[in-house]
1. Packing-wise, with mean Cβ within 10 Å as the measure, how do 36-48, 84-96 rank, highest first?
2. Quick one: accessible surface of LEU28, probe radius 1.4 Å, all protein chains present, in square angstrom to the nearest 10.
3. Using a 1.4 angstrom probe, figure out how much accessible area the chain has per residue, in square angstrom, rounded to the nearest whole.
4. Helix hunt in the chain: which complete DSSP H runs extend at least 20 Å axially by C-alpha with mean Kyte-Doolittle at least -1.0?
5. For the stretch 40-50, in order, what is each residue's ³J(HN,Hα) by Karplus, 6.51 cos²θ - 1.76 cosθ + 1.60 with θ = phi - 60°, in whole Hz (x at glycine and Pro)?
6. What does the helix-only formula give at 222 nm for the chain: each DSSP H stretch with n ≥ 4 adding -39500 (n - 2.57), the total divided by the residues, and the result rounded to the nearest 500 deg cm²/dmol?
7. Straight distance only, please: which aspartates and glutamates reach the Cα of LYS40 with their own Cα at less than 14 Å, same-chain residues fewer than 8 apart left out?
8. If I ignore ligands, DNA and RNA and count only protein heavy atoms, how much of TRP120 is accessible to a 1.4 Å probe, in Å² to the nearest 10?
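The values are calculated or read from the model by the stated rules, or taken from the named source; none is laboratory data. If you're wondering where the values come from, they're calculated on a predicted model, not measured in any experiment. Neighbour counts are summed over all protein chains in view; Cβ atoms, including those assigned to glycine, are modelled from backbone coordinates with ideal geometry. Heads up: the accessible areas ignore ligands, DNA and RNA and are worked out on the full protein's heavy atoms, side chains in. Shrake-Rupley method; radii C 1.70, N 1.55, O 1.52, S 1.80 Å.
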Amino acid sequence: MIEITHNDFQIDQVVANTRTPSMGCLVLFLGTVRDMTDGKLVRKIQLEADESEAVQQLKQVREETINKFGVTDVSIVHRIGTLDVGENIVIIAVGAGHRPEAFEGCRFAIERLKEFVHIWKKEITESGEHWVGEMQNG
């Protein structure tokens, strides 16, 4: 399951779409909008992407994770649009036969997403607005 969406996702649905009988574990990463950054109060964030490009890049992250760690499946759902503090941004579900591969794969997937996938984040804080990094998110 790879998706870019303007709507919130259902964690149970992502788990159900990722789970297979051969998995001994399923590790989840859930990124949410935090209320502070660099000592500034965050009011909301805005996430933008070319949706078709971002989906292709997420598929590449999925394939890299499967190939590198031998995990069974990887699902990634990332939101775009304007999000309030506390809202979900991204979920990554990595299933494997054993814990080490799933945990390592999940960590790799979020770090690879942040460095490779073109999703841009603007933080709207108490002191103004600014874009975060060149290709940073979550």
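1. Working: 36-48: 14.4, 84-96: 20.5.
The packing order, highest mean first, is 84-96, 36-48.
2. Looks like 80 Å² after rounding.
3. Working: 7140 Å² over 138 residues.
So the chain comes to 52 Å² accessible per residue, rounded to a whole number.
4. Numbers: long enough: 51-69 (27 Å, -1.08); 99-116 (25 Å, -0.59).
Correct list, ordered by number: 99-116.
5. Going residue by residue, I get 10, 6, 8, 8, 6, 10, 10, 10, 10, 6, 7 Hz, with x marking Gly and Pro.
6. Working: 3 runs with 45 residues, N = 138.
Calculated mean residue ellipticity at 222 nm is -10500 deg cm²/dmol.
7. Filter leaves GLU123, GLU126, GLU129.
8. It works out to around 80 Å².
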